[in-house]
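Asks: First the structure, which I've put down as structure tokens, then a few questions once you've had a look.
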Amino acid sequence: MRAIALLLLATSAPVAAAGPISEGARLAATCTACHGTTPVQGNALPPLAGQSQEALLASLRAFKAGTRPATIMTQLAKGYTDEQLALIAAWFAEAPVTGSHPRVSDPRMGACHLGSTSNCGEVRK
């Protein structure tokens, strides 16, 4: 019994030492299931880390309002409050950028480049 208690203590210590997870990180974890945490060659979904907070929030709000058509994102965004969308956008804006992908700063563009720099001159109207 004592060995089990010591094993549990030893395996839980690193988790406890990491500190609490922010609300933004907790909410953004859902997004990373599809978008990932690093750009992947051939992934049709845009990487979100390091993108402009304003652009991300504008895209999320447009998905929620139904003004930006999407198969899944419209339904997902409707499940969050405006405050939660702001936390998600803020978290991804501050997330470290790994790999190579374009940084989107114009809110009219949103995260629409799909990991490609070939259409960086285009702006959504």
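Asks: What are the ³J(HN,Hα) couplings of segment 20-25, residue after residue, when phi is run through the Karplus curve with 6.51, -1.76, 1.60 and θ = phi - 60°? Round to Hz, x for glycine and proline.
Replies: 3J(HN,Hα) across segment 20-25, in whole Hz: x, 8, 5, 4, x, 5.
Asks: May I ask you to compute the full-extension gain from Asn43 to Thr30, defined as 0.36 nm times their residue separation minus their alpha-carbon distance, rounded to one decimal in nm?
Replies: 3.0 nm
Asks: Sticking with the crude label model, points 7 Å out along Cα→Cβ, report the distance from Ala65 to Gln84 in nm, one decimal please.
Replies: Inter-label distance under the simple model: 2.0 nm.
Asks: Please list the non-local residues whose amide H lies under 5 Å from the amide H of Ala70, H modeled 1.01 Å from N, same-chain partners needing a gap of 5 or more.
Replies: Amide H neighbours of Ala70: none.
Asks: Read phi for every residue in segment 31-36 and hand back ³J(HN,Hα) as whole Hz from Karplus 6.51 cos²θ - 1.76 cosθ + 1.60, θ = phi - 60°, with x for Gly and Pro.
Replies: So the J values, rounded to whole Hz, are 5, 5, 4, 9, 7, x.
Here, each number is a calculation from the coordinates, and none is a lab measurement. The structure displayed is predicted, hence computed values, not measured ones. No Cβ is skipped: glycine too gets one built from the backbone with ideal geometry, and neighbour counts run over all protein chains shown.
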